[in-house]
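One structure is given below, encoded as structure tokens.
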């Protein structure tokens, strides 16, 4: 049951973030910073070889999973960096 709630909350947050990112350049700038910090923390967890338990479940995110997530977050950082800072808005 907890997994379903986590999945539903994640989906809701993802849809909301995509909506605001599509409409607001400042939100893309915010997301660029958030993804940069997140990728750095996840990469550190990967390098430190720390397993992270998922709150309220028996699941554990292994360092390998954190490494993969850090790569994805860094790619999202680059995308948000480009569309938030580099590319000029269409007028």
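One table, with the values for the structure above:
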read-out	value
Residue 75-residue 25 FRET efficiency (beta carbon distance; Förster radius 22 Å; 0.05 resolution)	0.65
The chain - mean residue ellipticity at 222 nm from DSSP helices (-39,500 (n - 2.57) per run, n ≥ 4, rounded to 500)	-25000 deg cm²/dmol
Degrees, to the nearest 10: 2-23 long Cα axis against longest axis of the chain	10 degrees
Choice from 21, 34, 48 showing the highest fluctuation, given a GNM over the chain with Cα pairs closer than 10 Å	48
Calculated log₁₀ intensity ratio I(q)/I(0) where the Debye formula runs over C-alpha points of segment 1-71, q = 0.11, 0.17, 0.19 Å⁻¹	-0.36, -0.80, -0.93
Label point distance in nm, residue 65-residue 41, each placed 7 Å from Cα along Cα→Cβ	1.6 nm
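Any read-out appearing in this document is the output of simple, stated calculations on the displayed coordinates, not a laboratory observation. Remember, it's a predicted structure, so these values are computed and weren't measured experimentally. Here the Cβ is made from the backbone with ideal geometry for all residues, glycine too, and neighbour counts use every protein chain on show.
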